[in-house]
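K.L.:
First, the structure itself, so that you have it in front of you.
Rule-based calculations on the coordinates, nothing more; no lab input. Given the structure is predicted, the values throughout are model-derived calculations rather than measurements. We place every Cβ from the backbone using ideal geometry, glycine too, and count neighbours over all the protein chains shown.
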Amino acid sequence: MYAQMVKSEASKDDPDKLAAFQARIDAGDKIEPKDWMPAGYRKTLIRQIGQHAHSEIVGQLPEGNWITRAPTLERKAILLAKVQDEAGHGLYLYCAAETLGVSRDELTEMLLDGRMKYSSIFNYPTLTWADMGAVGWLVDGAAIMNQVPLQRTSFGPYSRAMIRICKEESFHQRQGYDIMMKMCQGTDAQKRMAQDAMNRFWYPALMMFGPSDKDSVHSAQSMTWKIKMNTNDELRQKFVDQTVPQAEYLGLTIPDPDLVWNDDKGGYDFSEPDWSEFFDVIQGNGPCNTERLAARNKAWDDGAWVRDGLMAHAEKRAARKVAAE
Amino acid sequence: MNTPAETASTPKRREWPLWEVFIRGQHGLNHRHVGSLHAPDAEMAIKNARDVYTRRNEGVSIWVVEARHIAASSPSDKGPLYEPSESKVYRHPSFFDIPEDVGAM
């Protein structure tokens, strides 16, 4: 997902209140912003929703890279609409996080100075047009795996944001697959491009689910709170099982010689991604980390005069209106 | 609805205020709360709402109101506010048994 390795916070709240809170969650109640909630629940959610929002925003960069170079006007319009959706998804999520008592500007500043993370996947470059296909199909596909169950998450504003997002996300995956189909029906060179994109994005897509969390106390706490609905391994397995037939249809090879159907578990056995690469990327050493953060910082700094100017204009007009009354 | 985070660590500039957005999905329906956004003033809030919340024909009309102007009931008032109506089952038509011979009523 878009939120990887979110640390959950232990709660030192009143045990009676904690028990009552947990009972509400177990009963399937939605927690709303003004309801009592454990400090740890609030903090963990801010971290998780914030990271998710940042991923949507930074996620615009690898695709924005191809808007002006899309092969046709139609593809360009579609990609533009997709990237605009990502901005919208970021905004829904920032608003959900804000209900927990943090402001959007504070969250943005924490992204910009590196205190908060975004998904590792957006630190990989998009080198060819086929990457637009692979990103939509695999990256958005992996995101959907996580986001669909999160529609049932216990925190009301997060759940509602996820419902809106999921409605739009399916367009993203389909437009990606559509690009891949076109490439795979094309010339040999185009097929090679599609295979190359698949080769580069397969393992980074598997990494999106985060390392195995079977024994993670953070995951266990988040699952009890219903802010994480499945383990990372469950979602990764589901993603592989869903994606293999889609790759076969395209005539693409999954870059994993050990990928094999396992009748006993009713799913594929597959190779783990290189987790040392994953940790390296989230620590800031991926191929595009510096570039991505520099682009976000530049956008924030370059936009400062617009934000200030519009605010000053609004205040001046409001003051004039008061004076006239 | 959001609680403005005035606990922030010394904000350098004023953040754009928060607006709550209500959209009429189709003619004849009520406006419904769909989410919130930041904008410097009402005009920009409507423009932003159009971009953020109606990219796929979700609406025919937009209302925006600054979040700080909304008064809301508190979760702890749930009992006093809503319990009284629980005992008034006669407010529902199904409370009354009407013989079938009477026909539709």
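K.L.:
Assigning unit charges at the beta carbon (Lys, Arg +1; Asp, Glu -1) and nothing else, what dipole magnitude in debye, to the nearest 20, does chain A show about its Cα centre?
P.N.:
So the magnitude is around 1160 debye.
K.L.:
While we're here: Tilt of helix B:42-53 relative to the longest C-alpha principal axis of chain B, in degrees (0 to 90, nearest 10)?
P.N.:
70 degrees
K.L.:
Next question. Measure out, as a whole number of angstrom, how far apart the alpha-carbon centroids of the range A:130-201 and the range A:1-47 sit.
P.N.:
Going from one Cα centre to the other spans 30 Å.
K.L.:
Hey, another quick one. Find the relative contact order for the range A:190-325 and round it to a whole percent, using C-alpha pairs within less than 8 Å whose residues are 6+ positions apart.
P.N.:
Computed value for the range A:190-325: 21 percent relative contact order.
K.L.:
Relative contact order for chain A using alpha-carbon pairs under 8 Å, separation at least 6, rounded to a whole percent?
P.N.:
This gives 20 percent for chain A.
K.L.:
Moving on. Counting other Cβ atoms within 10 Å, keep those with at most 15, restrict to DSSP loop, and tell me which chymotrypsin sites (Phe, Trp or Tyr not before Pro) in the range A:1-68 are left.
P.N.:
A:TRP36
K.L.:
If you average the C-alpha positions of the range B:49-105 and of the range A:238-286 separately, how far apart do those two centres end up, in angstrom?
P.N.:
48 Å
K.L.:
Based on DSSP H runs of at least 4 residues, each adding -39500 (n - 2.57), what is the mean residue ellipticity at 222 nm of the protein assembly as shown after dividing by all its residues, to the nearest 500 deg cm²/dmol?
P.N.:
-17000 deg cm²/dmol
K.L.:
Here's another thing I want to ask about it. Amide H neighbours of A:PHE209 under 5 Å, counting only residues 5+ apart in sequence or on other chains, H built in-plane at 1.01 Å?
P.N.:
none
K.L.:
Right, something else. Among the lysines, which fall within straight-line cross-link reach of A:LYS43, defined as a Cα-Cα distance under 19 Å, with same-chain neighbours fewer than 8 residues apart omitted?
P.N.:
The qualifying lysines are A:LYS7, A:LYS12, A:LYS17, A:LYS30, A:LYS34, A:LYS117, A:LYS226, A:LYS228.
K.L.:
Also, quick follow-up: Using a Förster distance of 35 Å, how high is the FRET efficiency between A:VAL217 and A:ASP301, based on the Cβ-Cβ distance and rounded to 0.05?
P.N.:
The pair A:VAL217/A:ASP301 has a calculated efficiency of 0.35.
K.L.:
Top mean-square fluctuation among A:GLY88, A:GLY50, A:GLY133, Gaussian network model of chain A, C-alpha springs under 10 Å?
P.N.:
A:GLY88
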